[in-house]
Each structure stands twice: as C-alpha cells, then as structure tokens.
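Here is the structure we will look at.
No lab work stands behind these numbers, since they all come straight from the coordinates. Worth saying up front: this structure is predicted, and the values here are computed from it rather than measured. Every residue, glycine as well, gets a Cβ built from its backbone with ideal geometry; the counts of neighbours run over all protein chains shown.
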Amino acid sequence: MASGAVERFDHKARESFESLGKTTVYRGELLRHPVYTRVLHWAVALFFFLALFTGFGIYLPWLFRWFTPIFGGGPLSRIMHPYFGMAFVFFFGLQALNWLQPMLWTPADSKWMRNIMKVVSGEEKMEPPETGFFNAGQKFQFWEIVGGCVAYLITGIILWAGARTFGRIPVAISYVVHDISALIMLGGIFVHIYLSTIGEPGTFQSMIRGAVSEAWAWTFHPAWYKQITGRDPLQACEDARRQMKS
Amino acid sequence: MPDRKALQADMISAHTGPSPGHGMQRDLEVCKLIDTTTCIGCKACEVACAEWNDLPFTPTTFDNTYQTMPQTSYHFWNLIKFNEHQNPDGTIQWLMRKDQCMHCADPGCLAACPADGAIVKYANGIVDFNQENCIGCEFCVSGCPFEIPRFNPMTKKVYKCTLCSDRVGEGLEPACIKACPTGCLKFGSKDDMKFIAGERAKQLRDNFGWQNAGVYDPQSVGGTHVIYVLHDATDPERYGGLPSNPTIPWSYTVWKWLFKPVLGTFALFGFLGVLAHYVTSGPRLAQPEPPGKEKING
Ligand code: HEM
Ligand code: SF4
Ligand code: SF4
C-alpha cells in the first residue's frame, strides 16, 4: 500500500501509532501491517471473543451454565455483552475504513473464487499472479464481517432497548438475525484463525511484528510483492529455488 | 397434600376391576376466575396485591379515567382496566377488567427466557419468576402476548403477578380473591372454575340477553390459569386490549429448541473442518519449500 496518496481522516492516528510502537523489518522481509493496523486488529479480536463468550451463555440453554460464570454470572454477562459488542463494532469500523481501499472487489477476485477448490485442496502452490494485498477469500471474510457488524448494530440496539421500546415482533426477529450473524462469523473465524496461524505458516507474524518474509509475499500475494519490490514474483521464486539447490 | 396424592394407588398388579380409590383425588390445576360482569371497579384487589406483596406505591399518571395508572408496572402487578365501549346502537358499556399475568399453560415468557431457572411453571399451573436467576434481558417481555412482565431498571430484573404462589403453596387463596367484595373473583381448580364460568356465561346468555357472553381461556397458549367471563367473548379487545388470539412468536419455539442447537453444531463444524483440512491436506507453505522438505513422491 503506497502511502500518502489520499489524505485520510485517520492519517494522524496512523502516524502517532507508528511513533507509539515500532515495526522491525529484517533483510529479506517486507513491511505488511503497521502498528495502527495491528492494534486495531487485536482490539477487534479481543472484543469479538468477549462479546462471543458473553453471548454464548444467553444463546443456548445448554451453554448457559458453562459460559456465564466466566463473566461473573448471568446478569453480569448480560450487562457487559452489549458494551463488548459495541467496542467490537467500533474498532472494526475503524479497521474497515483503514482497509477499505485494499479490500475493494476486483474481477480477479471473482476468478479466484471460481478456483477456490484448487486452493482448498492445496493443488495451487502459488497464488495466481493477480492476487494483491489481500486475496479474495480474505476480502470475502472482511465484507462478511462488515455486513455482520451492520446487522449486529441494528438488531443489537433493538434487543437492548427491548420489547418495551420496539414491540414484540421486531425483538423476536432481531433475535434470530443477531444469532445467524454470530454463527456465520463464528464459522468464518475458525477458518481465519487456522489460515493465519498453522494453515499458512509465516502469516501470524504479520499481525504480531508486522513484517513477513519475501517468500511468503511472493507466494501468497504476488501482485503486492511486485508492487512493493518491482520484481517479478515467479522469477524471484525461481531464483530462490535455484539458489537453494546450489 | 402432594405426598398423599403420590401414595394414591393408580394401578395394582393382578387386580381386576378398578383400583380402589382411583380417581378419588382430582388433579389440582389451580385457576382464578374473573367475572367482568360483576366487577364494580372498587380496586380492593389492587390494594390487596400491593399489600401482600409489599409493593411500594409511587406517584402515577392520571389519564382521565378511573384507572390507577396507564398500565401495570414492576411494582403494580394487578390493575383494573377501565374502558368505555360504545355499542353499535349508541349505548355505552363501562367495562372493568382486572389485568394481571394469565399464567398460561404454554407460557411465552418461559419459552423466550434464556436464563436457567428464571421462570418456572409449577405443576399446579402457576408461572413464577425467580428474580435471583433473572439476567434482565427482557426477552420474556417480547415472548408474552399479554404485556405482563415488567422490567425494574433499578434491580435490572423483571416482575409480575405470582398468583400468590407463596399463599397458594400454603393452601390459601391469592390475596386479590380474599379482598374481592362482590365475589367476581373466584379461586379453585381449573375444572371447577371452568364449570362455574361456563354456567355463568350460560346464565348471561339465557337470562340477561348477552348473546355473545362466553369464557376467555385462549387455547392458542394452551389455555390460561386465569380465565374471564366476558359479556362479549367475540371481542375481548374491547376490555382494555385483551388479545383475541394471543400467540407466541415462532422464533421462541422453533428457533430456540431446534435451529439453535443444529446451527450451533454447524458452526462447530467450521472448527472440525479446518482440523480435518490440516490433517488431510496439511499447511500451505511459502515457496520454494526449504530443501530438506522437498518432496520425494512427485
Ligand atoms: C486469535 C485469533 C486471530 C488470529 C490469530 C488472527 C490473525 C490474523 C492475521 C495474521 C491476519 C493478517 C493476514 C494477512 O496479513 O494476510 C489477520 C487479518 C484479519 N483479521 Fe484476524 N486474527 C484473529 C482473530 C480475528 C477476529 C476475531 C477478527 C474479526 C472478527 C479478525 C479479523 C481480521 C480481518 C478482517 C483481517 C483481514 C483480512 C484477512 O486476513 O482475512 N481476526 N488476522
Ligand atoms: S401472561 Fe405473560 S407473563 Fe404471564 S404466564 Fe403468560 S406469557 Fe408469561
Ligand atoms: S428478563 Fe425475562 S427473559 Fe430475561 S432472564 Fe429475566 S425472566 Fe428470563
């Protein structure tokens, strides 16, 4: 992501976060996520799980006795859940604005989606050359969470204020939509955590230290690699292979 | 009392003919009968309720009727609703209906509640809220077709009429029944109350010209343990919004007990899915893979 193109509202926040923390990039590595992005990501993840676990107790009678004690009992879970949820939506909102530009959908992404089975089966070793900063799968998850946040916010406020304010039927509907949104997100998060840790080794450090190896970059995000380094990803990979053999 | 019933012989081995004593003791499902045709709106039941349940009285709003307050509240569970209903022929009917929890056989509040033990329905039909288990989510408010559960913002719990479960458990009638001076409130077994209500409705039809007089015991919620005798059972709405067809949203029945566990299990499959993927396909590595890891099987 080339910086400085557009003056953004969070430009200052990004700058000041950069002076709060630091990102060390070693030789053979590329800067992937700046401090601002990383802080937002982990704030999102923290509040997502807090909201998820406080919500679980209320979601299923069979889970009630398991999850509510974690937060000091049912009443406390219930009181805190909406605040956790709002914090999640707030931080994800900032992250969404931060990532809006690289998350825009392109025709190459639709093509990627049609070939998704090749990725799942592991047949395709390298991402197609058009894959940029994020691949279509990541973008899909991003937009799913954006949609989920909107659904959460609307239905959550209705459930919070309750039938006294909004009437019985809106509450009964909101409750179902709120749950479906949570279930979709939960399913997606398993895949997300898997791929960003053990599923594609080398990814996790991008959200911890902020830097990734060049090999990771040309394998998983070739177009981004090309944009940053100016080198051809396939060529770079071949060079590395030859070097390794000799 | 209940113990004695447990020792009642129901079946006896190798015994022909009816078991001695069988059916002698009737099933006690309790019921409160409210005859709106003999209610005089004296509000003795309101006072008795507040008194017995130790409910603090607070300033209220005057809305140009005799009604004590616009609707029941967390500290006022029993409210006479006053309504001036104009008949098609221009005559006026001044209607009074005692509004409180209906103690549904199929309680929407209980179906909606996510907290273990916050709402209990006893075998005698009383539906009771246990505030110590209530988490204050107010789902019961949306589950109830009669607008009964009321949220107390100070304690963050929900309250409503208990049908004086504490008194009934001791063999006493509810406080409101005891206070009623006209006998329009009666308490007993559901069967007896239904019988009396039916007889009274018949009397109203045959002798007083109320052709539509009838009993309100809505089957859409499985019947209730508070039943009304109405001058016109075809139009309960006129009695301060008594629903003619009370229903529980399907989301609280189908969704909660069927789809929730099923879909929750599906979400869990996300976890099993990635696990299976790791075990069968393994990770996707950055290319080129280090030489020590180069494949030997093509
Ligand atoms: C322990 C749990 C989590 C881990 C280990 C994790 C890890 C990561 C990593 C390493 C990335 C960077 C991927 C890249 O640079 O290509 C990332 C991106 C992202 N994370 Fe997480 N994350 C976690 C939880 C969450 C949660 C709970 C959410 C939101 C609900 C979330 C939302 C995102 C989004 C939208 C992105 C960008 C798109 C993508 O890579 O899919 N993450 N995460
Ligand atoms: S009237 Fe409402 S609060 Fe009372 S038992 Fe029925 S559903 Fe529950
Ligand atoms: S507010 Fe109502 S639905 Fe929620 S826990 Fe209390 S009794 Fe149950």
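Go through (1) in contact with a Leu (Cβ under 9 Å, 6 or more places away or on another chain); (2) within 9 Å of chain B (Cβ to nearest Cβ) and name the single condition A:Ile169 misses.
Every condition holds for A:Ile169 apart from (1).
Mind listing just one residue for me: the one in the range B:244-272 that is more than 8 Å from every other protein chain (Cβ to nearest Cβ) and part of a loop (DSSP other than H, G, I, E, B) and, of those, nearest to B:Ser142 (Cα to Cα)?
If we take residues in the range B:244-272 being more than 8 Å from every other protein chain (Cβ to nearest Cβ) and part of a loop (DSSP other than H, G, I, E, B), then B:Ile248 is nearest to B:Ser142 (Cα to Cα).
List, please: which pairs have Cβ atoms under 6 Å, are six or more places apart or on different chains, and start with a residue in the range B:135-156 that is more than 8 Å from every other protein chain (Cβ to nearest Cβ) and more than 20 Å from A:Leu76 (Cβ to Cβ) and end with one that is β-branched (Val, Ile, Thr) and within 6 Å of ligand 3 (Cβ to nearest atom)?
From residues that are more than 8 Å from every other protein chain (Cβ to nearest Cβ) and more than 20 Å from A:Leu76 (Cβ to Cβ), the pairs are B:Pro149/B:Val158.
What number of residues within the range B:163-183 are part of a loop (DSSP other than H, G, I, E, B) and without any contact (Cβ under 8 Å) to a residue 60 or more places away in the chain?
Residues flagged as part of a loop (DSSP other than H, G, I, E, B) and without any contact (Cβ under 8 Å) to a residue 60 or more places away in the chain within the range B:163-183 amount to 4.
Hey, does the range B:89-106 have a residue that's free of Cβ contacts under 8 Å to residues at least 12 places away in the same chain and assigned to a strand (DSSP E or B)?
Looking only at the range B:89-106, we keep the residues that are free of Cβ contacts under 8 Å to residues at least 12 places away in the same chain, and these are B:89-92.
From what is left, the residues that are assigned to a strand (DSSP E or B) are B:92.
Within the range B:89-106, one or more residues are free of Cβ contacts under 8 Å to residues at least 12 places away in the same chain and assigned to a strand (DSSP E or B).
In the range B:88-110, what count of residues is obtained for those that are more than 8 Å from ligand 2 (Cβ to nearest atom) and farther than 19 Å from B:Gly41 by Cβ?
Result for the range B:88-110: 5.
Could you check, for the range A:228-239, whether at least one of its residues is of a type in the set (Asp, Glu) and either surrounded by 17 or more Cβ atoms within 10 Å (Cβ to Cβ) or touching an Asp or Glu at 6+ places or on another chain (Cβ under 6 Å) (or both)? It would help to see each step written out before you state the result.
Filtering the range A:228-239 for residues of a type in the set (Asp, Glu) gives A:232, A:238-239.
Then drop every residue that is not either surrounded by 17 or more Cβ atoms within 10 Å (Cβ to Cβ) or touching an Asp or Glu at 6+ places or on another chain (Cβ under 6 Å) (or both), which leaves none.
No, the conditions are met nowhere in the range A:228-239.
So A:Ser174 passes all but one of these: (1) of a type in the set (Gly, Ala, Ser); (2) away from ligand 1 (no atom under 11 Å from the Cβ); (3) surrounded by 20 or more Cβ atoms within 10 Å (Cβ to Cβ); (4) over 27 Å from A:Gly57 (Cβ atoms). Which condition number does it fail?
(4)
In the range B:118-155, which residues are away from ligand 2 (no atom under 14 Å from the Cβ), more than 25 Å from B:Trp255 (Cβ to Cβ) and either in a loop (DSSP other than H, G, I, E, B) or touching a Cys at 6+ places or on another chain (Cβ under 9 Å) (or both)?
Scanning the range B:118-155 gives B:Ala123, B:Pro153, B:Met154, B:Thr155.
Quick test for you: out of B:Asn78, B:Asn87, pick the one residue that is among the polar types (S, T, N, Q), touching a Lys or Arg at 6+ places or on another chain (Cβ under 9 Å) and more than 15 Å from ligand 3 (Cβ to nearest atom).
None of the others qualify; the one that does is B:Asn78.
Based on what the data block shows, is A:Trp66 surrounded by fewer than 18 Cβ atoms within 10 Å (Cβ to Cβ), within 12 Å of chain B (Cβ to nearest Cβ) and on the phi < 0 side of the Ramachandran plot?
yes
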